[in-house]
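To start, the structure under review is shown below, and the notes come after it.
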Amino acid sequence: MLTAEQLGFRYAGVPVLRGVDLHVGAASMVAVTGPNGCGKSTLLHLLAGVETPAEGAVRHPAGTRLSLLPQRTPDIDGLPLTVAECVRIGRFTPRRRLGRHDRAAVTEIMERLDLAHLARRRLRELSGGQRQRTLIAQALVQQADVYLLDEPTAALDAASRARVHELLGERVRAGAAMVVASHDAGEAALAGAIVTLASPL
Ligand SMILES: Nc1ncnc2c1ncn2[C@@H]1O[C@H](COP(=O)(O)OP(=O)(O)OP(=O)(O)O)[C@@H](O)[C@H]1O
Ligand SMILES: [Mg+2]
């Protein structure tokens, strides 16, 4: 579903990744682990196409739908979005209104992530964990082939983390490919394979 070959990346000439290989097939999960600053977020940005590799290539079949949950998204707190609107955005596609299935998917994921009672709150009025659950909902409500999740549960309490893990398992069993960056050994153990990046170059 998604393959990275011999990826290399530099920020302003400073090397961050070198010779990274990764493959994630349909219905499987790969965890990306390694210490702070080793390049996990950078790798996810390369896989998502947000950044362009300096060396190597990212390949996936034409038309592959990718959903990225970034680690940091400070800019969206300035937008006047409610929780419900933020989740709904996950189902937006060009030239089509949201239909019954879209609305049902939004309602379901909001219930599963305990967001229904927060539906009309603005993002900036949420706790860190509530905000993170909203963004996870937006990422998982998408009908993606590949989900790229950057430390999805780092800010979550144990019950919320368990709910998210249940949802990830369901998406994978339904055929999705998933790449999850994590510092949590338990979370990484959910994956069929673990890519560990070395300490910062
Ligand atoms: N926009 C940027 N400009 C310059 N250097 C950057 C930029 N973003 C990240 N870096 C550097 O690139 C390296 C990799 O950063 P990255 O965020 O990918 O690490 P990470 O493994 O995700 O770390 P963490 O576990 O803290 O999330 C770090 O040394 C970081 O300082
Ligand atoms: Mg990171």
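Read the figures in this text as sums done on the coordinates, not as results from a lab. Note that the structure is predicted; figures quoted are calculated from it, not measured. No Cβ is skipped: glycine too gets one built from the backbone with ideal geometry, and neighbour counts run over all protein chains shown.
For the chain, the antiparallel share of DSSP beta bridges with both residues in that region comes to about 40%. Here the sum of -39500 (n - 2.57) over DSSP H runs of 4 or more residues, divided by the residues of the chain, equals -9000 deg cm²/dmol at 222 nm, to the nearest 500. Between Leu69 and Leu148, Leu149, Asp150, the built amide H atoms are under 5 Å apart, and every one of these is 5 or more places off in sequence or on another chain. The long axis of helix 100-112 is offset from the longest Cα principal axis of the chain by roughly 80 degrees. For the chain, the longest principal axis of the alpha carbon atoms and the long axis of helix 158-173 meet at an angle near 70°.
Of the residues Ala104, Ala162, Ala26, the one that moves most in a GNM of the chain with alpha-carbon contacts below 10 Å is Ala104.
Taking Ala54, Ala105, Ala12 in turn, the Gaussian network model of the chain (Cα-Cα springs below 10 Å) assigns the largest fluctuation to Ala12. Across Arg121, Arg100, Arg171, mean-square fluctuation computed from a Gaussian network of the chain (C-alpha pairs under 10 Å connected) peaks at Arg100. Computed over neighbours whose Cβ is under 12 Å from that of Ala188, the net charge equals -2, Lys and Arg +1, Asp and Glu -1. Extension gain, Ile89 to Ala174, is 28.4 nm, computed as 0.36 nm per intervening residue step minus the present C-alpha separation.
Extending 7 Å from Cα along the Cβ direction at Ala193 and again at Ala26 yields two label points whose distance is 1.7 nm.
The listed peptides 57-68, 184-195, ordered by packing as a protection proxy, come out as 184-195, 57-68 (highest mean of other Cβ atoms within 10 Å first). Across segment 148-153, computed HN-Hα scalar couplings (Karplus, 6.51 cos²θ - 1.76 cosθ + 1.60, θ = phi - 60°) run 10, 10, 9, 6, x, 10 Hz from first to last residue, x flagging Gly and Pro. Taking amide H positions as modeled 1.01 Å from N, with prolines and chain starts lacking one, the residues under 5 Å from Gln6 and 5 or more places away or on another chain are Val20, Asp21, Leu22. Our coupling estimate for segment 44-49, obtained by passing each phi through the Karplus curve with A = 6.51, B = -1.76, C = 1.60 and θ = phi - 60°, is 4, 5, 5, 5, 7, x Hz, Gly and Pro reported as x. Among 15-22, 44-51, the peptide with the highest mean count of other Cβ atoms within 10 Å heads the list, and the full ranking is 44-51, 15-22. With K and R counted +1 and D and E -1, the other residues having a Cβ less than 12 Å from that of Gln6 yield a net charge of -1. Normalised by the number of residues in segment 2-196, the mean separation of alpha-carbon contacts (under 8 Å, six or more apart) gives a relative contact order of 34 percent.
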